[in-house]
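Read the structure below first, then the notes.
The values are calculated or read from the model by the stated rules, or taken from the named source; none is laboratory data. Bear in mind the structure is a predicted one, so any value in this text is a computation, not a measurement. Virtual Cβ from ideal backbone geometry, glycine too; neighbours counted across all protein chains shown.
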Amino acid sequence: MKRSLILPAVLLSLLSLISLAWAQKTASTRPVTIIRAGVLIDGMSPSPRHNVIITIRGNIITDVADGGVAIPTNLPADATFIDLPQSTVLPGLIDAHTHIFLQGEDPAEGGYDIQLLKYPLAFRAARATVSARRALEQGFTTLRDMETEGAGYGDVGIKMAIEGGYIPGPRLFVSTRAISTTGGYPLEGYAPEIEVPKGVEIIDGPIEARKAARGQLDHGADWIKVYMTHRSWVGKNGELVSQPTLTVEELRAIVDETHGWGKKVACHSYGGEGMQRALDGGCDSIEHGLQLTDAQVAQMLRQGTWLCPTLSVYYTDWAPADTPEGQRDRKRASEHEVSFRKALKAGVKIAFGTDMGGIPWSEPIAQEFPRMVAFGMTPMQAIQSATSRAAELLDMKGKLGVIAPGAYADVVAVQGDPLANIKILEGVNFVMKDGKVFKNDLPSKK
Ligand SMILES: [Zn+2]
């Protein structure tokens, strides 16, 4: 008996030696990239760091060394050295509220409705690949895409194509079809006899709500998106009024189901009754959040609810001032500023979001940063909202939105100091995603 045990033991230790050697070999064969950054905003630290050497192996950052240290001399012969002494280096940026399947629909070209009524899905998917590429070109290496607007599970397909290396694009966290109620989403305004498609999955009642969440999670949703308000208008006393959609019971069924899958629920919510139901129903993030009362801010702090404001989109395309729509548009913007300032002051967790797609993808995503700074954020707070804070929202703390050992090598660079002029972030010159350089317009040696 004893003898027969010895042989397997020897074999086992031999095997483990071989596998150790193999592991060391693969570790050492992962390509090494060294980036020298003149200035580093690492996504976490309160102030920038200078003359930093970032070491990357494969797609992971393995070392970040400060203070003018020498370039390591013991590098493998095939190591890549990227010298950015005149640049400010940052983590890849995160936009936590986008729509790659929307293109800033021009009413003159048929607006939103034409997307669902006349465009084949393949056409919309082709355009979504362009949106994804546009985001990556601008240094946004991660998006939380907040529903496909009638394009079904198209976002899951785009994500697969990016992950498979077929098309360039950011890391996607997708929410697929989204959920609202009867009377709670376009297309609308058609004759009742005509059945038109809807931009979301429509539910009525907690059973349908739970079933919709299950279906979307089953088909690849990373987040569930719920519309808790729909139409908005200016009320009799000049206040902004928003039509609530789901009941608390309907929302609770969705939140309960989604949390069971270890995932989270994002709630489009402008204010009023719909906002209250969103908070009482346990939403994880409030999208837009145009109108927050003091009590609601306190409830968000208590519950740890995120706010994903989207300021810029409410400052464009206003209807004429003397129309009800024009008054509503102006009221939305002015309320949003007040609520943003209030939430910021109170310490509500804020993640950067834009509603790109509502804004044409030809426009800069980073236009949101100066709005946040104008409404009270420091430039560093605004940057962290699009890096480490947004990563936390995505449950990717330490992996995304930070330049630190163990994080994915998503790295961007700009020329100049974004802390002095935040608009500089509209001109990202260098983009690395997952350890691979996607774009480098900088006049630097490689
Ligand atoms: Zn949106």
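For the stretch 419-443, a residue qualifies if it is of a type in the set (A, V, I, L, M), touching a strand residue (DSSP E or B) at 6+ places or on another chain (Cβ under 7 Å) and modelled with pLDDT of 95 or more, and the qualifying residues are Ile424, Leu425, Val428, Val431, Met432. Taken residue by residue, the stretch 388-396 has at least one member that is out of contact with any Pro (no Cβ under 9 Å at 6 or more places or on another chain) and at positive phi. Give the stretch 144-177 a look and list any residue that's part of a helix (DSSP H, G or I) and either more than 21 Å from Ala409 (Cα to Cα) or charged (D, E, K, R) (or both), or say none. Once the filter is applied, which keeps residues that are part of a helix (DSSP H, G or I) and either more than 21 Å from Ala409 (Cα to Cα) or charged (D, E, K, R) (or both), the stretch 144-177 yields Gly154, Asp155, Val156, Gly157, Ile158, Lys159, Glu163. Given the criteria surrounded by fewer than 21 Cβ atoms within 10 Å (Cβ to Cβ) and within 24 Å of Arg277 (Cβ to Cβ), does Lys331 qualify? So Lys331 fails the test. Selection of the stretch 254-279 for residues being closer than 23 Å to Arg332 by Cβ and of a type in the set (D, E, K, R) yields Glu273, Arg277.
Here is a yes/no grid of residues against (1) touching a residue at least 40 places away in the same chain (Cβ under 8 Å); (2) within 14 Å of the ligand (Cβ to nearest atom):
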| site | (1), (2) |
| --- | --- |
| Ser87 | yes, no |
| Ile100 | yes, yes |
| Leu117 | yes, no |
| Leu121 | no, no |
| Ala126 | no, no |
| Arg133 | no, no |
| Ile167 | no, no |
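Is there a residue in the stretch 249-258 that is closer than 30 Å to Asp322 by Cα and either buried (at least 22 other Cβ atoms within 10 Å of the Cβ) or in contact (Cβ under 8 Å) with a residue 40 or more places away in the chain (or both)? The answer is no, given that none of the residues of the stretch 249-258 is closer than 30 Å to Asp322 by Cα and either buried (at least 22 other Cβ atoms within 10 Å of the Cβ) or in contact (Cβ under 8 Å) with a residue 40 or more places away in the chain (or both). Selection of the stretch 259-273 for residues being surrounded by fewer than 24 Cβ atoms within 10 Å (Cβ to Cβ) and either part of a strand (DSSP E or B) or within 16 Å of the ligand (Cβ to nearest atom) (or both) yields only Lys264. Taking every residue in the stretch 138-160 that is farther than 20 Å from Ser362 by Cβ and without any contact (Cβ under 8 Å) to a residue 40 or more places away in the chain and pairing it with any residue that is within 16 Å of the ligand (Cβ to nearest atom) and not in a helix (DSSP H, G or I), at least 6 positions away or on another chain, the pairs with Cβ-Cβ distances below 8 Å are Gly152/Thr176; Gly152/Arg177. Looking across the stretch 135-165, just one residue is within 16 Å of the ligand (Cβ to nearest atom) and of a type in the set (Lys, Arg), and that is Arg144. For the stretch 221-240, a residue qualifies if it is polar (S, T, N, Q) and over 10 Å from Tyr270 (Cα atoms), and exactly one does: Asn237. Listed by position, the helices (runs of 4 or more DSSP H) inside the stretch 299-400 whose residues that are under 30 Å from Trp261 (Cα atoms) number at least 1 are 324-346, 379-385, 388-393. Quick one: would you say Leu246 is modelled with pLDDT of 95 or more, of a type in the set (A, V, I, L, M, F, W, C) and part of a helix (DSSP H, G or I)? In short, no. Test of understanding: among Lys263, Lys331, which residue is under 20 Å from the mean Cα position of the chain (by Cα) and basic (Lys, Arg)? Matching residue, one of Lys263, Lys331: Lys263. Restricting the stretch 110-143 to residues that are in contact with a Gly (Cβ under 8 Å, 6 or more places away or on another chain) and not in a helix (DSSP H, G or I), the residue that is farthest from Met396 (Cα to Cα) is Lys118.
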